[in-house]
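Okay, so here's the structure we're looking at.
Nothing in this text is a laboratory measurement; each read-out follows from the coordinates by a stated rule. Values in this document were obtained by computation on a predicted structure and should not be read as measured data. Quick reminder, even Gly has a Cβ in these numbers, built from the backbone with ideal geometry, and neighbours come from all protein chains shown.
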Amino acid sequence: MTVVRAAGRGAPEASGEGVRPRSVMSGSSFVTGGYMRNYLIIGASLVALAAPLQAQDSGDDAAAEAPKISSDPFADFRPEETEITVTATGTRIELEDTGQAVTVIGEHEIQSIQGADLTRVLERVPGLAVSRDGGVGAVTNVGLRGAKGEQLLVLIDGVRVADPASPGGAFDFGNLLTSNLAKIEVLRGSNSTIWGSDAIGGVIVASTRAESGLQASAEYGARDTATGAVSGGIGGDRGFLGASASYYRTDGFSQAANGTEADGFEQWTAGGQGRLYLSPSFEIFARGRWAEGDLDLDGFPAPDFALADTGDTQDTRQYSGSAGAIYDTGPLFVSAAYSFADTERVNRDAAGEPTFSSDGHSDRVEVRGEWRPIGPLLVNFGAENEWEAFSTSTEERQTTRIFGAYTQVGIEMGPLAAHAGVRLDDHARFGSETSFGGDISYALTRDLRLRASVGEGFKAPTLYQLFSDYGNPALQPERSTSYDIGLIHGDRSLTKSRFYGALTAFRRDARDQIEFVSCFGGTDPFCADRPFGYYGNTDRARAQGVEVELGARPSDRVTTRAVYAYVDTENRTPGSANQGNVLARRPQHALTLSADWRTPLRNFTIGGDVRMVSDSFENAANTTPLDGYALASVRASLPFGERFELFGRVENLFDTDYQTAAGYATPGRSAYIGARARF
């Protein structure tokens, strides 16, 4: 199925949404667009007193029939439209028209899982592994198919949000909660052809809620944890204006596995976006997001430097935004925007005195587009220029720049869709880099598709790796090549079929990986002015395996899912003491099972999840094991009409003791109850 951006085709306004969907063409037809612990804390309140927001009335029959365009390529979609992604080509495309491995999780599924912890949602993505230094809000690393967390590109509402001041430039998922998320897209595999630097392991795009009307929710539970969120918007033929806000706090538990002092977390977030439709083919938009969190930390005090209770804290402030314009005539779609992202951190001791601070900032201008010159042919294109800067309390401000441009040619005709592209990047510090990629998708039958892709990825050295006290100005980018091939039956959303199945085999080879080189006991001449160590292009690695996804909707009331991944990783660095070892914190096996049953009793729904993860190692030397674990959760929800819903759940039902990072504790059995209202 081919996504067609066509002004003049009369695509109707999306009911209840703050976006104007493009038309979609398929062939010759158009389609728009019981167990609870006795200490369960029972109590939740939700007060949502607001008048429904009215859709803006055009008051003009001609305006009502005017052709519509999409507001921007990172717009959110209703649950029945979640089989559309932007991660494959940089503009909207149906999943069946790409040979790349992409998982899309919509708002309905996110809300059904319940809770603010994003990792519980991401566990439904095959090949994805999570490690976290404590509870919600603590440093959280997400890796895809054996790649490191910093080899993952992350965008929120279309803005790249990596922290240039962190050593590896990774985005800390501890600062992203689900409270107002409407959609998550995960592309697995290298794709620097479209996305440039950082897209070695894959790409994650998170979209916040943007819809007409009002929605509010509140939740309370274990460890005095409270969550509240509200979002709303008003829109019509002339534009859309929306905003959202959320609050989260918890007393937490000791971050140190052997500690006794609880480490809490508190975060406020707010965001907004607006769009003005100046004509049927032209619009302007702006959006912004702010998040500020306060996290209690445990540290490594002398003399043994083992993780232990401390009074340290970390304040993190993130803000990002973008503004631009979209021109869409149908055959030609162009989006141009300026965006920025900033992450500020301040660490404090028990007395509240700052011990370390950092500030990472990026500015970006970009153009993305799609041109359909004739029939089934299409061309995706884009260019961007990014400026990065970082400073810390111990390092002076440093800056760099990277420019990139790409083009991708494709054909989407009948059962066949194929794309091939090339990208050139020019970095102010290390020079030029070229990336290639291609994919193919072929419908063997109406419900069965064969897909395959090959892609190259690269990651530019971070400013910290180049210029910190451990920096190495001679660093070159990390590079990778990935391949995958698979079969898919049905659609993951289970809206078009009652069964979904996918089997994918993959492999990724990475070279010139940047790792910290210790100078203790060595004779490396580079250690002369770096006595503790430095960053070098020292490592090579391989990750390969199989991913299996199954989903079934045997009746309108029952939905079941299973996701399994076998990921075999290997350190292939010649001459390294760790050559042949598996990579740190990469479990070979991970399985997630889930089921939901909407009972005949007032549509009362009960469900649950089981997550099983195999053994792994904490370190590259494979001397510190991390035991495997199995976690179970149960949940329930009860709607009252179409506007109100009560829900609750128990996580870690059997109070399993486990770790995803050595020395760091994880939550025990936890119960929560909440409510949601929609107007």
(message) Under a crude label model (7 Å from the Cα following the beta-carbon direction), how far is Ser393 from Asp568 in nanometres?
(response) 4.8 nm
(message) Among 116-129, 184-197, 662-675, how do they line up by average Cβ neighbours within 10 Å per residue, starting with the highest?
(response) 184-197, 116-129, 662-675
(message) Can you return the aspartates and glutamates within cross-link range of Lys148? Criterion is Cα-Cα under 12 Å, with same-chain partners fewer than 8 residues away left out.
(response) Asp198, Glu478, Glu515
(request) Report the trypsin sites (Lys or Arg not before Pro) located in segment 434-474 that are in a DSSP loop and have at most 16 other Cβ atoms inside 10 Å of their Cβ, or state none. (result) Arg446
(message) What distance in nm lies between label points placed 7 Å from Cα along the C-beta direction at Asn385 and Phe516?
(response) 3.6 nm
(message) Can you give me the C-alpha center-to-center distance between segment 572-648 and segment 183-235, rounded to a whole angstrom?
(response) 19 Å
(request) Write out the trypsin sites (Lys or Arg not before Pro) in segment 194-279 meeting two conditions: DSSP loop, and at most 14 other Cβ atoms within 10 Å of their Cβ. (result) Arg238
(request) Work out the FRET efficiency for Asp469 and Ser555 from their Cβ-Cβ distance, taking R0 = 45 Å, and round it to the nearest 0.05. (result) 0.15
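If you filter segment 257-316 for chymotrypsin sites (Phe, Trp or Tyr not before Pro), then keep DSSP loop positions with at most 10 other Cβ within 10 Å, what is left? Write out the running numbers ahead of the final one.
Values: sites: Phe265, Trp268, Tyr277, Phe282, Phe285, Trp290, Phe305; in loops: Phe305.
The qualifying sites are Phe305.
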(request) Return the aspartates and glutamates within reach of Lys496: Cα separation strictly under 17 angstrom, same-chain partners fewer than 8 residues apart disregarded; answer none if there are no such residues. (result) Glu80, Glu81, Glu83, Glu94, Glu96, Asp97, Glu109, Asp447, Glu549, Asp556
(request) Starting from the Cα gyration tensor of segment 127-275, take the square roots of the eigenvalues, sort them a ≥ b ≥ c, and report rounded, prolate or oblate (rounded when a/c is under 1.5, otherwise prolate if a/b is larger than b/c, else oblate). (result) oblate
(request) First select every other residue whose beta carbon is under 14 angstrom from the beta carbon of Val558; then total the charges, Lys and Arg +1, Asp and Glu -1. (result) +3
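Which FRET efficiency, nearest 0.05, do Glu642 and Ala270 yield, Cβ-Cβ r, R0 30 Å? Mind showing how you got there, number by number?
Details: r = 27 Å, r/R0 = 0.92.
With R0 = 30 Å, the Cβ-Cβ based efficiency is 0.65.
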(request) Please work out the Cα center distance from segment 284-342 to segment 121-180, rounded to the nearest Å. (result) 11 Å
(request) Per residue of segment 102-112, in order, report the coupling 6.51 cos²θ - 1.76 cosθ + 1.60 (Karplus, θ = phi - 60°) as ³J(HN,Hα) in whole Hz, putting x for Gly and Pro. (result) 10, 10, 10, 10, x, 4, 4, 5, 4, 5, 5
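Given axes a ≥ b ≥ c from the Cα gyration tensor, I'd like to know whether segment 145-192 is rounded (a/c under 1.5), prolate (a/b larger than b/c) or oblate. Spell out each step's value before the answer.
Working: a/c = 1.75, a/b = 1.20, b/c = 1.46.
It comes out oblate by the Cα gyration axes.
So for segment 430-473, averaging the separation of alpha carbon pairs under 8 Å that are six or more residues apart and normalising by length, what relative contact order in percent results?
Details: 36 pairs, mean separation 12.6, N = 44.
This gives 29 percent for segment 430-473.
Could you please rank Leu466, Leu416, placing first whichever residue has the fewest other Cβ atoms within 10 Å of its Cβ?
Details: Leu466 19, Leu416 13.
By the 10 Å Cβ count, ascending, the order reads Leu416, Leu466.
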